[in-house]
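So the structure is just underneath, and the comments pick up after that.
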Amino acid sequence: MMLEENKPLARLTTFKVGGAARYFATVSSESELQEVLEVAREKKLPVFVLGGGSNIIVHDSGFPGLVIKNEIKGFETSAGEDEVSVSAGAGEVWDSVVERCVANNWAGIENLSAVPGTVGAAPIQNIGCYGQSFEEVADTVRAVNLATGAPREFSKAECQFEYRESFFKKEGAEKYCVTQVRMKLRTDAVPNITYRDLAAYFAGKKTPSLAEVRQVLIEIRSRKGMVILPGLPSFNSAGSFYKNPIVPQGMMKKVEEVAATRPEIMAKWTPWNWPQPDGRVKLSAAFLLEYTQFTKGYTRGTVGISPKHTLALINLGKATARDVTTLARDIQQNVLDLFGVLLEAEVRFVGFPEYPLLK
Ligand SMILES: Cc1cc2nc3c(=O)[nH]c(=O)nc-3n(C[C@H](O)[C@H](O)[C@H](O)COP(=O)(O)OP(=O)(O)OC[C@H]3O[C@@H](n4cnc5c(N)ncnc54)[C@H](O)[C@@H]3O)c2cc1C
């Protein structure tokens, strides 16, 4: 096992900002992970588990402990009657797993095509897009306790999945390293193409295959600058920087009042809110940003907003983490002043002594 020192992290992330890890190790098995954790315990080091670095911002002074890059591979399947159980190592590239499942006509994750990052990160924020989310296929998540090295299998219920949330971001935050994920995919299903962009594309056409849905999604995502795939243009970003806020009914009145002042924006964005089963309402964060100066193509020095997607903050090349968090906070403040709604970051902050945004 090799422990590197002062390893630059920026290039291991898609945002490409931030400093170095004091110590860095790559693990390709659970036992290697346990060995490395023992060293961290001996040296009393804080530990951060890194996947593909596509949902993080690293502090400019780096991470003062041990960063463990998860490279635990593996792909096993077992077939049931109309279901297939797929177990994948946490260090597998998520989209490669999707590609393999789609090629076998196993349904359930095709709409999550081209989400960057690793399998092990999928349960952390319960990845989702285009009408599908990880929780719909989750069966079990195997994870090693960072403090004790003990492995544990979490049932789907124990993962406490919600919109961009899970146990691993709440009580379990920074306490576990996911090593394997088991999903249940269907062998008999038709694709879910109800999401707006997909519905529009396939309107009037015959029911598409999973492979066609995947292909179209990669095209749609690419048009929005939301892919990091060889041969396709991409930005230095972490995808959507903010979650879509979920607000109580009472708050909707003010939001609607402000929104109504710019009918031309409302006309372009239908729908921009979605009532939730618990009575609250999910709002489109991108819609709220349309009412500020922070729209597609906005730039401020080294940082800006993607010209193809309002929610993607980007590093124009020479940004520091501080440049990014300053812009991110200003955006939050603007939306808060205008609508009374606090945008919460979807992105995770690594090595920051204090949470850098409003909360
Ligand atoms: C262009 C672009 C588009 C995106 N589109 C989407 C989208 O459509 N939907 C969506 O949900 N997300 C999207 N994302 C965000 C990102 O792809 C996902 O959050 C992804 O799951 C992050 O995976 P990662 O391996 O890169 O995790 P990292 O960025 O390395 O880590 C993210 C968090 O997960 C933790 N983590 C990672 N691996 C493990 C592990 N094995 N065990 C424990 N904790 C772990 C880290 O500690 C960190 O807290 C997008 C990002 C980009 C750059």
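Remarks
- Principal axis analysis of the Cα atoms in region 187-285 yields extents of 43, 36, 27 Å, listed in decreasing size.
- For region 46-137, the list of GluC sites (Glu not before Pro) that fall in a loop by DSSP and count at most 10 other C-beta atoms within 10 angstrom reads 81.
- Proximal aspartates and glutamates relative to residue 206, as straight alpha-carbon distance under 20 Å, when same-chain residues fewer than 8 apart are discounted: 110, 188, 197, 219
- Nonlocal amide H pairs with residue 52, under 5 Å, H built at 1.01 Å: 118
- With 10 Å bins from 0: P(r) over region 105-256, alpha-carbon pairs, percent: 10, 32, 33, 21, 4, 0
- Environment charge at residue 332 (Cβ cut-off 11 Å; Lys +1, Arg +1, Asp -1, Glu -1): -1
- Gyration tensor (alpha-carbon) shape descriptor, region 1-96, a/c threshold 1.5: oblate
- Put a dot 7 Å past the Cα of residue 196, heading toward its Cβ, do the same for residue 342, and the two dots end up 2.7 nm apart.
- For region 234-239, backbone phi angles converted through the Karplus equation (6.51, -1.76, 1.60; θ = phi - 60°) give residue-by-residue couplings of 9, 10, 7, 8, 10, x Hz, Gly and Pro being listed as x.
- Proportion of all alpha-carbon pairs of the chain beyond 38 Å (%): 17 percent
- Take residue 278: with every protein chain present and a 1.4 Å probe, its accessible area is about 100 Å².
- Length gained on full extension, residue 354 to residue 79, computed as 0.36 nm times the residue gap minus the Cα-Cα distance: 94.3 nm.
- Here the extension length gained between residue 209 and residue 32 equals 59.7 nm, from 0.36 nm per residue of separation less the Cα-Cα distance.
- Three-way shape label, region 150-230, alpha-carbon gyration tensor, a/c 1.5: prolate
- Selection from 272, 12, 192, by position along the positive dipole direction of the chain (Cβ): 272
- Counted by Cβ distance under 9 Å from residue 26, the other residues give a net charge of -2, where Lys and Arg count +1 and Asp and Glu count -1.
- Neighbour-limited loop hits for trypsin sites (Lys or Arg not before Pro), region 91-173 (at most 10 other Cβ within 10 Å; DSSP other than H, G, I, E, B): 170
- Amide H contacts of residue 18 (H built 1.01 Å from N, under 5 Å, at least 5 apart or other chain): 321
- Taking θ as phi - 60° and the Karplus parameters 6.51, -1.76 and 1.60, the scalar couplings of region 166-181 work out to 6, 3, 6, 10, 10, 4, x, 4, 6, 10, 9, 10, 5, 10, 7, 10 Hz in sequence order, x denoting glycine and proline.
- Other residues with beta-carbon under 13 Å from the beta-carbon of residue 78 carry, at +1 per Lys or Arg and -1 per Asp or Glu, a net charge of -2.
- Taken over region 30-183, lysine pairs spaced eight or more positions apart, or on distinct chains, with alpha carbons under 24 Å apart number 15.
- When shorter helices are ignored and each DSSP H run of at least 4 residues is given -39500 (n - 2.57), the per-residue value for the chain at 222 nm works out to -7500 deg cm²/dmol.
The values are calculated or read from the model by the stated rules, or taken from the named source; none is laboratory data. None of the values given here were measured: they were computed from a predicted structure. For neighbour counting, all protein chains shown are included, and Cβ atoms are generated from backbone atoms with ideal geometry for every residue, glycine included. The area values use the complete protein model at the heavy-atom level, side chains included, leaving out ligands, DNA and RNA. Shrake-Rupley method; radii C 1.70, N 1.55, O 1.52, S 1.80 Å.
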